[in-house]
1. For the stretch 73-89, does any single residue satisfy the condition of being over 15 Å from L138 (Cβ atoms), within 10 Å of the chain's Cα centre (by Cα) and within 11 Å of the ligand (Cβ to nearest atom)?
2. Looking only at strands (runs of 3 or more DSSP E) that lie completely in the stretch 137-196, which have at least 1 residues being over 26 Å from I16 (Cα atoms) and in contact with a helix residue (DSSP H, G or I) (Cβ under 9 Å, 6 or more places away or on another chain)?
3. Only one of (1) within 17 Å of A27 (Cβ to Cβ); (2) in contact with a Ser or Thr (Cβ under 8 Å, 6 or more places away or on another chain) fails for E157. Which number is that?
4. Go over the candidates S33, S50 one by one and state the one that is in contact with a Ser or Thr (Cβ under 8 Å, 6 or more places away or on another chain) and among the small types (G, A, S).
5. For the stretch 1-117, give me every one of the helices (runs of 4 or more DSSP H) that falls completely inside it and has 2 or more residues that are without any contact (Cβ under 8 Å) to a residue 12 or more places away in the chain and out of contact with any Lys or Arg (no Cβ under 9 Å at 6 or more places or on another chain).
6. What's the total number of residues in the stretch 157-183 that are surrounded by 13 or more Cβ atoms within 10 Å (Cβ to Cβ) and among the acidic types (D, E)?
7. What is the one condition in (1) under 17 Å from I26 (Cβ atoms); (2) surrounded by fewer than 16 Cβ atoms within 10 Å (Cβ to Cβ) that E77 does not satisfy?
8. If I go through the stretch 14-67 residue by residue, how many of them are open to solvent by less than 50 Å² (accessible area, probe 1.4 Å), in contact with a strand residue (DSSP E or B) (Cβ under 7 Å, 6 or more places away or on another chain) and either closer than 23 Å to Y103 by Cα or more than 10 Å from the ligand (Cβ to nearest atom) (or both)?
Amino acid sequence: MKINFNKLDKLSRYKIISNLIVPRPIAWISTFSNNNSINLAPFSYFTPLSSEPPTLIVSIGHKKDSSQKDTLKNLRERKRASIVISTPQQTKALNATGASLEYGESEFDKFKIESETINRDYPPTPKDSKIIFFCQYLKEVELEGSKTVPVILEIDEVFIADNLIDKENLKSSFTDVVARVGNSYYKLGDEIDIEN
Ligand SMILES: Cc1cc2nc3c(=O)[nH]c(=O)nc-3n(C[C@H](O)[C@H](O)[C@H](O)COP(=O)(O)O)c2cc1C
């Protein structure tokens, strides 16, 4: 079966992309709102972009009323983000934070997610998060004719739980992560041994 993307509507394109470009990592993004409450939301149109400069890219859509999502507003105005790579134990909370709340209402409060501050210059993150990238808004990419806004974030610092990193060679065996396939959540499977 071959499908011409030009003949598909937006939802069908979403279904094909999100079910076939898999697994997608999920950025659980914490940002400062203007009333200093902390916003938290998941984004799976997310990927590393470059190691030099160290950058990530996340594609942010719009709210039902066409206004900007809180995460985008906060990135534009407050510039800083803490991005958690979440574990399967955090999936219920992660999924809950996909809800659209009033601007300034914190998902931490609404969904009773305990927070902690690992880095005082960046937004707090869900307690016991294992991997956190502390980032700054760098720039947006214009996608002509689209309401989706790809945002490039530069990584300033990373937090890695001590038991997940070999400090000598910076190798990490962190595979206890949540990924997105279509609208479902998955854990990573087995490592492939290419010698056998
Ligand atoms: C697992 C998951 C992945 C998501 N990925 C994206 C995404 O890549 N881009 C996007 O605009 N919305 C995505 N969403 C929807 C947003 O999380 C949702 O619109 C949320 O309300 C945005 O929150 P905010 O307004 O506080 O920024 C995703 C939702 C879930 C549950």
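1. yes
2. Numbers: elements: 149-160, 178-181, 184-187.
By residue number, 149-160.
3. The one condition E157 does not meet is (2).
4. Numbers: S50 fails: in contact with a Ser or Thr (Cβ under 8 Å, 6 or more places away or on another chain).
Selected residue: S33, the only one of S33, S50 that is in contact with a Ser or Thr (Cβ under 8 Å, 6 or more places away or on another chain) and among the small types (G, A, S).
5. Details: elements: 10-20, 70-78, 91-96, 107-110.
Hits in the stretch 1-117: 10-20.
6. Of the residues in the stretch 157-183, 2 are surrounded by 13 or more Cβ atoms within 10 Å (Cβ to Cβ) and among the acidic types (D, E).
7. Only one criterion is unmet by E77, namely (1).
8. Of the residues in that region, 23 qualify.
The values are calculated or read from the model by the stated rules, or taken from the named source; none is laboratory data. All values derive from a computational prediction rather than experimental measurement. Note: ideal-geometry Cβ built from the backbone for every residue, glycine included; neighbour counts use all protein chains shown. Each accessible area value is taken on the protein alone, full model and side chains, heavy atoms only, with ligands, DNA and RNA left out. Shrake-Rupley method; radii C 1.70, N 1.55, O 1.52, S 1.80 Å.
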